[in-house]
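Asks: Have a look at this one.
The values are calculated or read from the model by the stated rules, or taken from the named source; none is laboratory data. Because the structure is predicted, anything quoted here is derived from the model rather than measured. Don't worry about glycine lacking a Cβ; one is built from the backbone with ideal geometry, like all the others, and counts go over all protein chains shown. All accessible areas refer to the heavy atoms of the entire protein, side chains included, with ligands and DNA or RNA removed. Shrake-Rupley method; radii C 1.70, N 1.55, O 1.52, S 1.80 Å.
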Amino acid sequence: MKICVVSDSHDNRRLLDHAVEDAVARGAQAILHCGDIVAPTTLRVLKKYGVPVHAIHGNNTGDLYAMMHLAHEPDSPVRYHGQDAVLHLAGRTLFMVHYPHYAEAMALTGDYDVVLCGHDHRVSQREVVNIRGGKTWLVNPGTVGGVGKPPTYVLADLETLQFLTIDVPTEPGEACNVRPASIHA
């Protein structure tokens, strides 16, 4: 099973939509958002893809009441989990949290195959040796919203535990960190 892991969209519906469209075309069967969605309506752009969306909040929580209502709409693909989540997908146990320091601590427990986080907008993927003597993957997809860094997401293969960082496909001048095209070049 392939999943699309995103974080820190910060209301950038267009880049989030581009990332998910690309991930679904590559075979993603679920979307996991590691927080800083901000406005819950940002997630409405994902409805058309027909795949489950698992979301947590970050430090930019937005309207949590509206998020809960969005998640409970009859045709909503969104499952809102609060500040963190344990998911069981494709025989793997995953933990999602916004903060990297919290994520690292959870990876050390050995209770999870993969721990996902966001917050610092830094892409990273590494194995952490846990207290049980095994290894847990710790993955941060960066910022899908292109805040302070180029927009990225991670396409994760849960069968092989391979994680591919992908630049969000954008048009020139569309991403936050790309200089707009000028007619005065």
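Asks: What shape does the stretch 65-177 take by its C-alpha gyration tensor, where a ≥ b ≥ c are the square roots of the eigenvalues and a/c under 1.5 counts as rounded, a/b above b/c as prolate, and the rest as oblate?
Replies: Oblate, because a/c is 1.5 or more while a/b does not exceed b/c.
Asks: Ordered by packing density, taken as the mean number of other Cβ atoms within 10 Å over each peptide's residues, highest first, how do 158-167, 7-16 rank?
Replies: 7-16, 158-167
Asks: Count the DSSP beta bridges whose two residues both fall in the chain, then state the antiparallel fraction as a percent rounded to the nearest 5.
Replies: If we restrict to bridges inside the chain, about 60 percent are antiparallel.
Asks: Taking a ≥ b ≥ c as the square roots of the Cα gyration tensor eigenvalues, with a/c under 1.5 meaning rounded and otherwise prolate when a/b beats b/c, else oblate, which class fits the stretch 1-105?
Replies: Rounded is the answer for the stretch 1-105, as its axis ratio a/c remains below 1.5.
Asks: Please tell me the relative contact order of the chain in percent, rounded to the nearest whole number, where contacts are Cα pairs under 8 Å and at least six residues apart.
Replies: Reported relative contact order: 22 percent.
Asks: Classify the stretch 1-63: rounded, prolate or oblate, from the alpha-carbon gyration tensor (a ≥ b ≥ c, eigenvalue square roots; a/c under 1.5 rounded; otherwise prolate if a/b is larger than b/c)?
Replies: Prolate, because a/c is 1.5 or more and a/b exceeds b/c.
Asks: Could you put MET106, MET1 in order of accessible surface area, largest first, with the 1.4 Å probe and the full protein assembly present?
Replies: Accessible-area ranking of MET106, MET1, largest first: MET1, MET106.
Asks: Same structure again: How do the peptides 122-135, 51-64 rank, highest first, by the average count of neighbouring beta carbon atoms within 10 Å per residue?
Replies: Peptide ranking by packing, descending: 51-64, 122-135.
Asks: Under the Karplus relation 6.51 cos²θ - 1.76 cosθ + 1.60, θ = phi - 60°, what is the ordered set of whole-Hz ³J(HN,Hα) values for the stretch 135-148, x standing for Gly and Pro?
Replies: Coupling constants for the stretch 135-148: 10, 10, 6, 10, 10, 10, x, x, 10, 5, x, x, 8, x Hz.
Asks: To continue, here is another question. Roughly how many percent of the accessible protein surface of the stretch 108-172 is carbon and sulfur, given a 1.4 Å probe and a whole-percent answer?
Replies: 49 percent
Asks: At 1.4 Å probe radius, can you tell me the per residue accessible area of the chain in Å²?
Replies: 47 Å²
Asks: Can I ask one more? Taking the Cα centre as origin and putting +1 on Lys and Arg beta-carbons and -1 on Asp and Glu beta-carbons, what dipole magnitude results for the chain, to the nearest 20 debye?
Replies: Magnitude of the dipole: close to 140 debye.
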